[in-house]
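The values are calculated or read from the model by the stated rules, or taken from the named source; none is laboratory data. Note that the structure is a prediction, hence the values are computed from the model and not measured. The protein model used for the area step is the full one, side chains on, heavy atoms only, and it has no ligands, DNA or RNA in it. Shrake-Rupley method; radii C 1.70, N 1.55, O 1.52, S 1.80 Å.
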Amino acid sequence: MPEHLGECEGQQYVEMCGLLYRYMEGEITFADVKVHAVYKLLNLKPSGRTLMPAEEEDKWSNIYKMSELIESFFEERNGRKIMRVDYFHNPVPRFRPLWKYYYGPADAMANITFGEYLDCLRLFMEHGCSRNEKHLYLMAAILYRKAKPLPWLQKMLPGYKGDIRRKYNEHTAEEQARSAFKYCPKGFIYGVYLMFASFQKFITTAVVPWGGRNLDLSILFDESEGEFKEAVPGLGMDGVAYALAENGQLGNFDKVRNTNLWEVFMLLYHLKKNELDRKLNEKHQKS
């Protein structure tokens, strides 16, 4: 049995996320989640055979003992059980809502653009405020797309390292969410949300090996410096995209959005490091 959500793959992941969604919506209790999880994760099926009272008692005793193992999937926060999200791979690389497969992002979101990330991040934060189910379907439509033409031929070509998914088009994501993804089980839709949540948690503390050194990306998300307060709310990461476009190192706004996410992160790290070095030098010069 998996010890946490990050060890679940494919259908196991979808089933667990489905149970969690029902729990978060108040449809089932936490005890129900644990019992159903035992059946889903171990692929248990009711035998259909009528059991004697002693056998029935033994069965439920065993189910209860195994259900206690599901506690490792959760952590307690403000008196409520919250699913642990501490993985950065994609447990469901592809999914078929109807008759066609849709392909998701690579592990650690290695093949998504900065624009995909920005649009998902905005929906992720909006869902945290409104709990609108529409946001979940849109996130799935952004990250999961149909394959390019002749994907298997492309993959067979020597040195092929491209993205099997079609190029992201923000103008068609909403239509895709309504047409194809409305047929997906809630477990898959909520699973995409949790995968993004886990990635967001990962990058705020990630240490990335680069040229023999370890780069601490947490400096990009450190809000403890100084005592500056915004006069009005800012644009968050969308503001970063506009700033990079003004900077011109990656081109105009559209080119910034179409740049690989990790290339943008590395540039932001470089700019942030230079800023911190400058502040440190100024401090030394004044002392």
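For the chain, the membrane-span-like helix rule (DSSP H, alpha carbon extent of at least 30 Å along the helix axis, mean Kyte-Doolittle at least -1.0) picks out 261-286; this says nothing about an actual membrane. Using a Gaussian network model of the chain in which every pair of alpha carbons under 10 angstrom is joined by a spring, one finds that among Met195, Met109, Met66 the greatest mean-square fluctuation is at Met66. Straight-line cross-link reach from Lys182 at under 12 Å between alpha-carbon atoms covers these aspartates and glutamates, not counting any fewer than eight positions away in the same chain: Glu133, Glu174. The GNM of the chain, with springs linking C-alpha atoms under 10 angstrom apart, assigns the highest mean-square fluctuation among Ala173, Ala106, Ala243 to Ala243.
Take every Cα pair under 8 Å whose residues are at least 6 apart in sequence, average their separation, divide by the length of the chain, and the relative contact order is 20 percent. Using a 1.4 Å probe over the heavy atoms of the protein chains, calculate the carbon and sulfur portion of the accessible area of the stretch 1-130 as a whole percent. Ligands and nucleic acids excluded, carbon and sulfur reach 53 percent. Candidate values (1) -0.33, -0.53, -0.76; (2) -0.48, -0.69, -0.87; (3) -0.45, -0.67, -0.90 were compared with log10 I(q)/I(0) by the Debye sum over Cα atoms at q = 0.08, 0.10, 0.12 Å⁻¹ computed on the shown model; the agreeing label is (3). Pairs exceeding a 22 Å alpha-carbon distance, out of Lys134/Lys255; Lys201/Lys272; Lys40/Lys81; Lys40/Lys134: Lys134/Lys255; Lys40/Lys134. Largest GNM mean-square fluctuation among Ile28, Ile70, Ile164, using the chain with Cα springs under 10 Å: Ile28. Take the alpha carbon atoms of the stretch 234-262, find their center, do the same for the stretch 56-81, and report the distance between the two centers in whole angstrom. Taking the Cα centre of the stretch 56-81 as reference, the centre of the stretch 234-262 is 46 Å away. Please grab the % of Cα pairs in the stretch 35-194 that end up more than 20 Å from each other. Of all Cα-Cα distances in the stretch 35-194, 63 percent exceed 20 Å.
With all protein chains in place and ligands, DNA and RNA left out, the 1.4 Å accessible area ranks Trp262, Trp210, Trp60 as Trp210, Trp60, Trp262, largest first.
Averaged per residue, the chain has 60 square angstrom of accessible surface, using a 1.4 angstrom probe with ligands and nucleic acids left out.
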